[in-house]
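The values are calculated or read from the model by the stated rules, or taken from the named source; none is laboratory data. Worth saying up front: this structure is predicted, and the values here are computed from it rather than measured. Because the Cβ atoms are built from the backbone with ideal geometry, glycine has one as well, and the counts that use them run over all protein chains shown. Accessible surface is based on the protein model in full, side chains and every heavy atom, while ligands, DNA and RNA are left aside. Shrake-Rupley method; radii C 1.70, N 1.55, O 1.52, S 1.80 Å.
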Amino acid sequence: MIALLLRDLKLALRAGGGFGLGLGFFLILAVLVPLGVGPDQTTLGLIAPGILWVGALLACLLSLDRLFALDFEDGSLDLLATSPIPLEGVVTAKALAHWLTTGLPLALAAPVLGILLNLPGPAYGPLMLSLLVGTPALSMIGAFGAALTVGLKRGGLLLSLLVLPLYVPTLVFGAQTVTRAAQGLDITTPLLLLGGITAGSVALLPFAAAFALRINLR
Amino acid sequence: MASLWEYANPVKFMKVSGWLLPVTAVLAAVMVTVGLVWGFFLTPDDFRQGSTVKIIFLHVPSALMAINAWAMMLVASLIWLIRRHHVSALAAKAAGPIGATMTLIALITGAIWGQPMWGTWWVWDPRLTSFLILFLFYIGYIALWSAIEDPDTAADLTAVLCLVGSVFAVLSRYAAIFWNQGLHQGASLSMAPGTRMDWSYKGPLYLCMTGFGVLFLALVLAGTRTEIRARRMTALLTRERAKG
Amino acid sequence: MAAGRRGAKRPLRAQTARRRGARRPQAAPLFRQTKARLSRPPRFPLQHQDKTVKAHRMELRVTDLACARGGLPLLDGLNFTVHPGEALVLRGPNGSGKTTLLRTLAGLQPALRGEISCPPEQMTYAAHADGLKSTLSVRENLAFWAAIHAAPGGDEGVTRAMAAMNLTDLADRQAHNLSAGQKRRLGLARLLVTGRWLWVLDEPTVSLDVASVALFASVVRGHLATGGAALLATHIDLGLDEAHTLDLTPFKASLPADPGFDEAFL
């Protein structure tokens, strides 16, 4: 499993791996929103938590359709299915690699974009914290969606259609954490609920995703 | 004693649904028509909400069936995953578009009701938001069914999606409540003491709710019958090709 | 080696029998079993198989196997055994079900009926797609599969595998710069680093030149000589003297003449 994780990281970092695309998308979104909404600092500060979370969510979505599709096309998935690693482990390793190359950089870059969007001072810590806690759930739910659509020729659009409704609770609790912090309120409840969703997703979704992969392989 | 599972046999199902379908269809038509005519024309206006409130006779039953359709899909998906009865999978498939339509009716009638009451067509109230999210789940489910060619693969994958989706739909509901405390009036019918609704409204409402339930049953039966026939046709065609 | 047809064929059922879970428990002395029962409906596919402990013997035994592709039965009544040191070559025209049979044996798709018994974690599968990553070098590709299989030998095994398939000169070249034949050789070198006993190969010689085919044949022979076994679907003669041949044509599943409603409901 560690070998698989390292391979996926290596593939993502090499040419054509798509590392940084999500980050670039996140940046562009943070630039486009003020251009669309107007330069009013108060308005931007109000909507910053939501924009940053929606941006992170969409950036996560970008690279999802390649998560299993590439391995499916070149036959690696067949070989992994006959290898000693259970498919549940394959799913977990690949979701973790996805998080390390997408979710983690997003969480680290978010405060910089927060400055662009005039995010209130006390919200920076909770912004990073909520993204760190919440993005693993995004990767895991995304891996489940990718497993469902792996055999389809035009799975990308369908994948977004399936995955985005599943992202709703994560988005709500994540953005609420930041909004409450910006208003100077207690963030414990939404943060704990966010952590709960992540823990539940990571614990249960590998099984659902592996089941879907098995069906798609047969 | 005949087991319930016998009805999962396509032949038996076709036979039973053959006579059950016209019965339920007529029953649903009568109940819904009587319920709506009674509700719209033979009830007094509400002292606060006027005649607008009468849209409740469409709104509440469709909202109820929107949720029940998903619950039925969940049960049918579980039966497919555990016992692998094709009829069950096809019934779940048939229920998808019906549930989506019910959700849409509930959303539209809600907007029509909300406009004069709240002064706006749409508010981001937890109930409304949950229904919108439920609608998105339905769309995803239907899209996945139509995207996969192999029927058994489609049945398996949509069943898993339905299971996982159910969990996340419930989570979304609570997330929406957490997110915004709401403008929507409380549940229209409640078992709590101090009844808030008069019997002159409850009568037609119960009739409409039952009518929508029977209507849903009739539609699912019709849909499942179509799916079974389509499935059989594909199977026969495949056979012909394999022989030829 | 016994390959033959057995028993009267049973009619198809409405419900496709399903293998119970494609994964088998790891590192336990259990036999992988595929058992499709007709008498009662198959169970939840997430469930693991019967954990029947049998004597640990290196052989692949296929009993009364039937397999299907796209819901349509292709092969029926297959019986054969592969012992250590043996190779079995599957033959048959295109569409006769060679790939389907191999995928079924590899556990990638469920058998319609019948039993496959093979020591656990002792099979490796290679098909048309080699499972190579184009931005990884030859050595990295092999090292990855060696690590996945936790094969003994490690780096040394990788070096040996590259030497065996004449890839040593290309060790640091990225896979997308390889020719089709070189990629194929790399895909076959993967078999050596898995350390698995049974090789299940689907058209292994596609896009190989004559010299490479001979090289591959000698690698297979070496594998057999060390007690390994191989199951190949191929159209060309590899020149393996110890190989038995199984023609799949007589095992073509026949369809019921007049399917009733239930039967037509695949």
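Residues in region A:105-122 carry Karplus couplings, in order, of x, 4, 4, 6, 7, 4, x, 4, 5, x, 4, 4, 9, 6, 5, x, x, x Hz; the curve used is 6.51 cos²θ - 1.76 cosθ + 1.60 with θ = phi - 60°, and Gly or Pro positions show x. Per residue, region B:75-169 exposes an accessible area of 34 Å² to a 1.4 Å probe, with every protein chain left in place. Over region B:7-153, one equal point on each Cα, no solvent: what is log10 I(q)/I(0) by the Debye formula at q = 0.13, 0.18, 0.19 Å⁻¹? After summing over all Cα pairs, the log10 values are -0.74, -1.13, -1.19.
By the compact-protein rule of thumb, 2.2 N^0.38 Å, the alpha-carbon radius of gyration of region C:145-266 corresponds to a ratio of 1.38.
Within the accessible area of the protein assembly as shown, what % is carbon and sulfur when the probe is 1.4 Å and the other protein chains stay in place? Using a 1.4 Å probe with all protein chains present, the protein assembly as shown comes out at 65 percent carbon and sulfur. Say a paramagnetic label sat at a point 7 Å from the Cα of B:A230, along Cα to Cβ; which residues of region B:69-109 have their backbone N under 17 Å from it? The answer is B:86-101, whose backbone nitrogens lie closer than 17 Å to the label point. The packing ranking, built from the mean of other Cβ atoms within 10 Å per residue, places the peptides C:237-243, C:62-68 in the order C:62-68, C:237-243, highest first.
Legend: calculated FRET efficiency, C:N166 to A:L157, from the Cβ-Cβ distance at R0 = 60 Å, rounded to 0.05, equals 0.85. Nearest 5 percent is fine: what portion of the DSSP beta bridges confined to the protein assembly as shown is antiparallel? Antiparallel: roughly 50 percent of the beta bridges in the protein assembly as shown. Averaged per residue, region C:95-218 has 32 square angstrom of accessible surface, using a 1.4 angstrom probe with ligands and nucleic acids left out. Counting charges near C:A164 (Lys, Arg +1; Asp, Glu -1) among other residues having Cβ under 13 Å from its Cβ returns a value of +3. The residues of region B:155-182 listed by number as losing at least 30 Å² of accessible area in the complex, against the isolated chain and with a 1.4 Å probe, are B:D156, B:L157, B:V160, B:L161, B:V164, B:F168, B:L171, B:A175, B:F178, B:W179. Going from the chain on its own to the full set of protein chains, region B:213-244 has these residues losing 10 Å² or more of accessible surface (heavy atoms, 1.4 Å probe, no ligands, DNA or RNA): B:I228, B:R231, B:R232, B:A235, B:L236, B:T238, B:R239, B:A242, B:K243. In order along region C:189-194, the Karplus-derived 3J(HN,Hα) couplings, from 6.51 cos²θ - 1.76 cosθ + 1.60 at θ = phi - 60°, round to 4, 4, 4, 5, 7, 6 Hz, and Gly and Pro are given as x. For region A:81-98, heavy-atom accessible area (probe 1.4 Å) falls by no less than 50 Å² from the chain alone to the full protein assembly at A:T82, A:P84. In this label model, A:L27 and B:L237 are separated by 5.1 nm, measuring between points 7 Å along each Cα→Cβ vector.
Scanning residues 5 or more positions from C:R91 or on other chains, those with amide H under 5 Å from its amide H are C:L246, C:D247, C:L248, with H placed 1.01 Å from N in the peptide plane.
Here A:T43 and B:I108 are evaluated by their C-beta separation; at R0 = 22 Å the FRET efficiency comes out at 0.10.
When the helix-only estimate is applied to chain A (DSSP H runs of n ≥ 4, each -39,500 (n - 2.57), divided by the residue count), what is the mean residue ellipticity at 222 nm, nearest 500 deg cm²/dmol? Per the formula, -26000 deg cm²/dmol.
Per residue, chain A exposes 37 Å² of accessible surface when a 1.4 Å probe is rolled over the protein heavy atoms with every protein chain present. Computed from backbone phi with θ = phi - 60° and the Karplus coefficients 6.51, -1.76 and 1.60, the 3J(HN,Hα) list for region B:215-229 is 4, 4, 4, 4, 5, 5, 4, 4, x, 5, 4, 4, 4, 5, 5 Hz; x is used for glycine and proline.
Leaving ligands and nucleic acids aside, the B/A contact buries around 2200 square angstrom of accessible area in total at a 1.4 Å probe radius.
Only protein heavy atoms count here, probed at 1.4 Å, and on that basis chains C and B bury about 2100 Å² of accessible area in total. Computed from the C-beta positions of B:A71 and A:I2, the FRET efficiency with R₀ = 45 Å rounds to 0.60.
Shape call for the protein assembly as shown from the C-alpha gyration tensor, a ≥ b ≥ c root eigenvalues: rounded (a/c under 1.5), prolate (a/b greater than b/c) or oblate? Oblate. DSSP beta bridges fully contained in region C:51-251 are about 40 percent antiparallel. Pairing chain C with chain A buries about 2700 Å² of accessible area. This figure sums both sides and uses a 1.4 Å probe.
Amide H contacts of C:V200: C:T124, C:Y125, C:A126, C:L231, each under 5 Å away and 5 or more positions distant or on a separate chain (H built 1.01 Å from N in the peptide plane; Pro and chain starts excluded). Taking max minus min of the alpha-carbon positions on each principal axis, region C:51-251 gives extents of 47, 38, 33 Å, largest first.
A Stokes-Einstein calculation at 20 °C with viscosity 1.002 mPa s, built on the Kirkwood radius of chain A over Cα pairs, returns a diffusion coefficient of 121 µm²/s. Helix B:126-147 axis versus longest C-alpha principal axis of chain B: approximately 20°, rounded to the nearest ten.
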